[in-house]
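Here's the structure, in structure tokens; my notes come after.
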Amino acid sequence: MIPQEDIDRIRDRLDIVDVVRSYLGAELKRAGRSYVALCPFHKERTPSFNVFPERQMFKCFGCGEYGDVFAFVMKRSGLSFGEVLKELARQAGVELRIAATSPAERAQQDAKQRLYSAMSTAAEHYHRLLRESPAAAEARRYLRERGITAATVAAYRLGYAPERGDLGRALRDFGITPEALNQVGLLRAGQQQDRWYDFFRGRLLIPIADAAGRIVSFGGRLLAGGEGPKYINTAESPIYQKSRLLFGLDRAAKAIRQDGTAVVVEGYFDVLLPAQSGLPGFVAPCGTSLTAEHAALLRRHARRVVVLMDADAAGERGAGRAAELLLRTGVQVALATLDAGADPADMIQQDRSDVLVAKIAGAMPAMSALIDMAVRRFDLRLPDQKVAALESLLPVLAVIPDEVERYHFCPIVAHRLGIPDEVVLNRLRRRRERDGAGSSGATADTAGNDQPGTAPAAERAAPAVSATERNRAGYRGGRGGWDGRRREPTPPPVFAIPFSPPALTLSPEEILEGAMVAAMARHPTLAADTLAEYPVDSFRHGGFRKAAALLAVHPVPATAGRLLSELGGAMPATDLGELAKELTRDTSVDQDNDLLRHCLVRLRQLAIRQELRMITGSIQQLESEGAREADSGERLQRLVRRKSELRQHLRNLEAAGAE
């Protein structure tokens, strides 16, 4: 137990504003006597998350999360109270005193510490073998072929297990017992007493760390000439549960919190190579599919999760299951399909990181992508296939937390599958009743009518930190109440254009594309110049891309009727209806020309800001690693120059738009 006096000293020395800002960055802005930002714990479009420096508390008036500095870091990082306490004590310069605990608790803590020590010592042993042992030549050759640099090998402590290893003997002098190594899965007991066998033999080893950066497991990659499965992992242990840990999250967490986006991939090298190339927000499950625990862990760090999936039936099924689990947490979910036979690591090796970045930036909202997959996968001419298609979509549709967004998709599903709206609505209602979704307390964005200080009804019973967690280590919660003041008025949107369909899943780029299509259809003479600057292939939205292609081929007046008929199967009915309204608006050529110029400038600005985020992540990665090697130093200089150029370009565009 930690004395309450030490907890109070930490709270007194740290300013909650500074701690929250270290997670949210520039998003946290002063508003009168408090600070506001978009809530990091639920999806919203207007800021309802408040930090009160006078009371050293935070509260979201949208989802109801609240608490003090300890509660915020626990919720945001996914660490236990004890782990958060140690980290904040370090920041505050407070030396924690451990109060007396029971002998059983002390024994349990000591046992776990021995396992952490065993894993750490083994990792250093394997890492030294990879760097120095002649037997590791094949492992080093493999890493060179995969494009893994010495800096990445050192940063991730990659290692090598020899064919004829004797790990127990090697670590004996460090005080590590065979029993401890057996408990964490690195040694197996033989039939004879005191005989132990190495679990890993002739494999490249990838250490797997927990949220605190402690090594808790290893993944072993088979090398050329070896026999057995391509990858094997150590078994679960008292310090490792694979369903609760994501490879790479310990190093990617800060970048994910800053950017707001996490990218889920399948393999270890799909994390290593992007991180090495300045794309640090990638994580991967460890030898298992994405679980509900993984989804909850991602929600603590990210507002948006992009799932990169293979272009096959298995990849689509896995993406659907991942989307269902992630949507249950309230996080935004998008899906991106990889090219056949390619994975992120391959794309980095082939110098196609720009294509990878574009796929992530252009990832489709999960429900829209799954609808497209269902239409492709099932033969909708057959009644039983329509039933199967609908059943494949209902699990995901039913868990969308926002009621408006959920029911927005019902007519879209009905239109794409060719069934009445009522059928989808009835099936959805029965599904939610069966699953108990109506009482799940899922976060919604429709809480704007709640008074400050009051959470939405579904959330009022969900404190930021559970009572059980608060009671551990002597935690007694925060101090003070709420000031009862209303939030500041919502600022106007960053940009406003006439075309703004109710499809909640359209990205800012897609809304701009819709406005451009409508303007070009009203005045086809403007299409040629517009599409020269923004080619048809640049359109993200499939329906708008098809519309732009038609306008490029038929740039003549009176195209509206044909345009709508051609797009009947390529766009949801709601989007098509909005486009039809826009096509009949009475605008002059000059007005639409101005609108098109505005859209093109905004699209350039959005693209530049996306590249700036990527470059900033790369710079931070290199700076954190020290950029000791010459090539790393040169790359850092190039990135800094490119960042300066992009900022200047952005300023020029903003200045031009203000004229």
Notebook entry, point to check: Can you spot a residue in region 346-354 that is buried (at least 22 other Cβ atoms within 10 Å of the Cβ), of a type in the set (V, I, T) and under 29 Å from S277 (Cβ atoms)?
Noted result: yes
Next item on the list: Please specify each residue of region 233-246 satisfying the condition of being touching a strand residue (DSSP E or B) at 6+ places or on another chain (Cβ under 6 Å) and under 24 Å from R188 (Cα atoms).
Entry: N233, T234, I239, Y240
Next item on the list: Tally the residues that are open to solvent by less than 20 Å² (accessible area, probe 1.4 Å) and touching a helix residue (DSSP H, G or I) at 6+ places or on another chain (Cβ under 7 Å), restricting the search to region 76-133.
Entry: 13
Margin query: open to solvent by 30 Å² or more (accessible area, probe 1.4 Å), out of contact with any Ser or Thr (no Cβ under 8 Å at 6 or more places or on another chain), basic (K, R) and within 24 Å of P274 (Cβ to Cβ): is that true of R146 in this structure?
Written below: yes
Next item on the list: Mind counting the residues in region 221-232 that are touching a residue at least 12 places away in the same chain (Cβ under 8 Å) and either open to solvent by 40 Å² or more (accessible area, probe 1.4 Å) or within 16 Å of A211 (Cα to Cα) (or both)?
Entry: 4
Margin query: Take the residues in region 402-429 that are touching a Leu at 6+ places or on another chain (Cβ under 9 Å) and not in a helix (DSSP H, G or I); name whichever of them is least open to solvent (accessible area, probe 1.4 Å).
Written below: D402
Next item on the list: Kindly check whether there is at least one residue in region 151-170 that is polar (S, T, N, Q) and either touching a Ser or Thr at 6+ places or on another chain (Cβ under 6 Å) or closer than 17 Å to Y126 by Cα (or both).
Entry: yes
Next item on the list: Would you check which residues across region 295-335 are basic (K, R) and open to solvent by 40 Å² or more (accessible area, probe 1.4 Å) and list them?
Entry: R300, R303, R304, R317, R321, R328
Notebook entry, point to check: Name the strands (runs of 3 or more DSSP E) wholly within region 264-344 that hold at least 2 residues that are at negative phi and either without any contact (Cβ under 8 Å) to a residue 24 or more places away in the chain or over 14 Å from the mean Cα position of the chain (by Cα) (or both)?
Noted result: none
Next item on the list: Scan region 383-411 and report the pairs whose first residue is closer than 13 Å to L428 by Cα and touching a residue at least 60 places away in the same chain (Cβ under 8 Å) and whose second residue is charged (D, E, K, R) and surrounded by 17 or more Cβ atoms within 10 Å (Cβ to Cβ), with Cβ atoms within less than 9 Å and a gap of 6+ or a chain change.
Entry: P395/E324; V396/E324; V399/E324; V399/R328; V399/R406; V399/R432; I400/R406; H408/D402
Check: Are there any pairs with C-beta distances below 9 angstrom linking a residue in region 536-563 that is aliphatic (A, V, I, L, M) and in a loop (DSSP other than H, G, I, E, B) to a residue that is modelled with pLDDT under 80 and open to solvent by 60 Å² or more (accessible area, probe 1.4 Å), with the two at least 6 apart or on different chains, and if so which?
Finding: none
Check: Looking at R203, R164, R140, R172, which one is within 33 Å of the chain's Cα centre (by Cα), charged (D, E, K, R), open to solvent by 60 Å² or more (accessible area, probe 1.4 Å) and on the phi < 0 side of the Ramachandran plot?
Finding: R140
Margin query: Would you confirm whether or not region 378-387 contains a residue that is among the hydrophobic types (A, V, I, L, M, F, W, C) and assigned to a helix (DSSP H, G or I)?
Written below: yes
Checklist line | Which listed residue is of a type outside the set (A, V, I, L, M), open to solvent by 70 Å² or more (accessible area, probe 1.4 Å) and at pLDDT below 65, from E654, E625, E659 | finding: E659
Next item on the list: State which residue is surrounded by the most Cβ atoms within 10 Å (Cβ to Cβ) when the search covers only region 242-263 and only residues that are closer than 19 Å to S77 by Cβ and over 15 Å from the mean Cα position of the chain (by Cα).
Entry: R244
Next item on the list: Considering each residue of region 1-27, count those that are over 20 Å from the mean Cα position of the chain (by Cα) and open to solvent by less than 30 Å² (accessible area, probe 1.4 Å), and give that number.
Entry: 9
Item checked: Among residues of region 378-400, those that are open to solvent by 20 Å² or more (accessible area, probe 1.4 Å) and touching a helix residue (DSSP H, G or I) at 6+ places or on another chain (Cβ under 7 Å), counted -> 6
Check: In region 128-142, which residues are over 14 Å from G220 (Cβ atoms) and of a type outside the set (D, E)?
Finding: R128, R131, S133, P134, A135, A137, R140, R141
Check: Quick check, is A630 touching a Gly at 6+ places or on another chain (Cβ under 7 Å), on the phi < 0 side of the Ramachandran plot and at pLDDT below 80?
Finding: no
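The values are calculated or read from the model by the stated rules, or taken from the named source; none is laboratory data. Keep in mind it's a predicted model, so treat the numbers as computed, not measured. In this analysis, Cβ positions are derived from the backbone assuming ideal geometry, glycine residues included, and neighbour counts consider all displayed protein chains. Please note that ligands, DNA and RNA were not included when accessible areas were found on the heavy atoms of the full protein model with its side chains. Shrake-Rupley method; radii C 1.70, N 1.55, O 1.52, S 1.80 Å.
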